[in-house]
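K.L.:
Encoded as structure tokens, here's the structure I'll be asking about.
The values are calculated or read from the model by the stated rules, or taken from the named source; none is laboratory data. Note that the coordinates shown come from a computational prediction; the quantities given were computed from them, not determined experimentally. Every residue, glycine among them, receives a Cβ derived from its backbone with ideal geometry; neighbour counts consider all protein chains shown. Quick note on the areas: whole protein, heavy atoms, side chains included, nothing else; ligands and nucleic acids left out. Shrake-Rupley method; radii C 1.70, N 1.55, O 1.52, S 1.80 Å.
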Amino acid sequence: MTEMSEPAHARGQAPPLLANLHLCGKSFERGMWLEPKAKAGFDTWLSSRLKLPPSYLLSYSGNYTDDAKSWRLVDITRLTTKYQHDRADKRICTSLLKTKTCSLEHALRRTHRFQKWLRAKRLTPDLVQGLSSPMLRCPSQRLLDRIVRRYAEVPDAGSIYMDHLTDRDKLRLLYTLSVNSHPILLQIFPDVEGWPFPRYLGSCGRLVVSASTRPLRDFYGAAPEVAADLALQLLAVLRSMGTNDLNYFFYFTHVDAGTFGVFSNGHLFIRDASMLGIIDKEEGSQLIDGQQEYKDIFSCLTVDCQSAFVSCNSIREKHSLVMVCQELLPKLLKGKFLQPVQEKIDSFLQHCANGLADDQGVNEAVATLAELLKPLRSCDSRFAYRYPDCKYSDKY
């Protein structure tokens, strides 16, 4: 989900028109997203004159409405590439049923892991052991309860017990966690509660719909005051990932130019949460030794089964900041400002990219760069997320 295609409207094409997203689940059974025919449910959203963009695109723009009156721009994203989906489908059939094609649902229902899910009343760490999602590398019971309680694809959510999930609901949740945890993260840490993610609007088949953002790469050539503003927001997001009211520590296992996105009002968010890991600072990880190494078909749907997992104990507080200093901030801030400010920024980014000093905390490092950047941003209507408040308070 890290690669974002050029929006259809930017190429002179009309974005797909989507309506009544919730009806996909009623008419075509959301659990059927394991099967290729789930695409039919998606087609019912579209005007008869429009077709889905080519399958090789991982993400594209669309116009969405839930009342047929007001339309908004959204991002439509595949859980993973078509190539990876096709390869995973083939692996499921050949390894579980020894056939070239099969009913994926039928094949996965027979697995030992899913049989354990069927018997379980509660989602526990042993049920997700060995899954490749970074979010589940260091699972706590508190995090798993939050997943079940806030899973938006089923009615009557709110309980930590899985009684309200049908067998097919459980399989869909397990499959999603195995392939890409991005839509789950958007559901359990919603933007309306202040989390730095775009709003989750729903899904159909292997497609996820969320509020539209422009990738950070689109702003590498932005004006100096815009670059400074985005860099400050990025630092604020990193700070919130390490320090928040729920005591979850979020960290990236990978970042690139599509990881972060910007809304039309100038507000920066995490656009792709698929590479986010979570450590529960309150409970810690509740996997016992050896459980991380457990592997089955669900462990290998999108990654090589031989891939080594990063130990939870190896993640340091400065982990994500160093990544951002290496991969993103130099491209956003390079050659933007007058001397000696530019030299000070470049020097800090080099120091940060090299790992920072052992005795320098993340908050101290963030504060150092923030003090350099704050005087460089401006207060005008381009920054609608903080304008006109910024005219009256230094807080904005």
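K.L.:
Accessible area of Asp66, 1.4 Å probe, to the nearest 10 Å²?
P.N.:
Looks like 80 Å² after rounding.
K.L.:
Once the piece of chain linking Arg150 and Gln115 is laid out straight, how much longer is it, given 0.36 nm per residue of separation minus the C-alpha distance between them? Could you put the intermediate results ahead of the total?
P.N.:
Details: separation 35, 0.36 × 35 = 12.60 nm, distance 2.28 nm.
Contour length minus Cα-Cα distance gives 10.3 nm.
K.L.:
At a 1.4 Å probe radius, carbon and sulfur cover how many percent of the accessible area of segment 184-233? Each step should come with its number before you reach the end.
P.N.:
Details: 730 of 1400 Å².
Percent of accessible area from carbon and sulfur atoms in segment 184-233: 52.
K.L.:
Can you give the percent of C-alpha pairs in segment 66-113 whose distance is more than 17 Å? Don't skip to the end; give the middle numbers.
P.N.:
Numbers: 595 of 1128 pairs.
Every Cα pair in segment 66-113 considered, those over 17 Å come to 53 percent.
K.L.:
Starting from one equal scatterer on each C-alpha and no solvent at all, send me the Debye-based log10 I(q)/I(0) for segment 154-215 at q = 0.27 Å⁻¹, two decimals.
P.N.:
-1.34
K.L.:
Roughly speaking, what % of Cα-Cα pairs in segment 326-366 are separated by over 14 Å, rounded to a whole number?
P.N.:
Numbers: 404 of 820 pairs.
That tail contains 49 percent of the Cα-Cα pairs.
K.L.:
On to the next question. Give, in whole angstrom and from largest to smallest, the semi-axes √(5λ) of the equivalent ellipsoid of segment 294-396, with λ running over the eigenvalues of the Cα gyration tensor.
P.N.:
Working: eigenvalues 254, 77, 40 Å².
One finds semi-axes of 36, 20, 14 Å for segment 294-396.
K.L.:
I want to verify the translational diffusion coefficient of segment 168-320 in µm²/s; compute it with Stokes-Einstein, Rh as the Kirkwood radius over Cα pairs, at 4 °C and 1.567 mPa s. Provide the component values of the computation, followed by the final result.
P.N.:
On the way: Rh = 17.2 Å.
Rounded, D is 75 µm²/s.
K.L.:
For segment 197-243, just say rounded, prolate or oblate: build the C-alpha gyration tensor, square-root its eigenvalues into a ≥ b ≥ c, call rounded for a/c under 1.5, and beyond that prolate if a/b exceeds b/c, oblate if not. Intermediate values should be presented prior to the final figure.
P.N.:
Working: a/c = 3.76, a/b = 1.61, b/c = 2.33.
It comes out oblate by the Cα gyration axes.
K.L.:
Give me the net charge of Ala120's neighbourhood, meaning all other residues with Cβ under 10 Å from the Cβ of Ala120; Lys, Arg count +1, Asp, Glu -1. Don't skip to the answer; put the middle values down first.
P.N.:
Working: positive: Lys116, Arg119, Lys121, Arg122, Lys170; negative: Asp126.
In short, +4.
K.L.:
Would you mind checking the pairs Lys336/Lys395; Lys82/Lys374; Lys82/Lys121; Lys116/Lys318 and listing those with alpha carbons more than 32 angstrom apart? Could the numbers behind the result be given before it?
P.N.:
Numbers: Lys336/Lys395 24 Å; Lys82/Lys374 43 Å; Lys82/Lys121 34 Å; Lys116/Lys318 37 Å.
Beyond 32 Å between Cα atoms: Lys82/Lys374; Lys82/Lys121; Lys116/Lys318.
K.L.:
Using 0.36 nm per residue, how much length does the chain from Lys344 to Ala370 gain when fully extended, once their Cα-Cα distance is taken away? Numbers along the way, then the final one.
P.N.:
Values: separation 26, 0.36 × 26 = 9.36 nm, distance 1.19 nm.
Residue separation times 0.36 nm, minus the Cα-Cα distance, leaves 8.2 nm.
K.L.:
Please label the shape of segment 189-267 as rounded, prolate or oblate, based on the square roots a ≥ b ≥ c of the eigenvalues of the alpha-carbon gyration tensor (a/c under 1.5 means rounded; beyond that, a/b larger than b/c means prolate, else oblate). Please report the intermediate quantities before stating the final value.
P.N.:
On the way: a/c = 1.77, a/b = 1.15, b/c = 1.54.
Since a/c reaches 1.5 but b/c is at least a/b, the shape of segment 189-267 is classed as oblate.
K.L.:
Highest mean first, what order results for 232-245, 362-375 on Cβ atoms within 10 Å? Let's see the in-between values first.
P.N.:
Working: 232-245: 17.6, 362-375: 15.4.
Put in order of decreasing packing, that is 232-245, 362-375.
K.L.:
Would you rank Leu216, Leu96, Leu201 by solvent-accessible area, highest first, keeping every protein chain in place and using a 1.4 Å probe? Write out the running numbers ahead of the final one.
P.N.:
Details: Leu216 0, Leu96 60, Leu201 35 Å².
Result, largest first: Leu96, Leu201, Leu216.
K.L.:
Moving on. Of Arg217, Arg87, Arg137, Arg110, which has the most accessible area and how do the rest follow, probe 1.4 Å?
P.N.:
On the way: Arg217 70, Arg87 95, Arg137 15, Arg110 150 Å².
If we order Arg217, Arg87, Arg137, Arg110 from most to least accessible, we get Arg110, Arg87, Arg217, Arg137.
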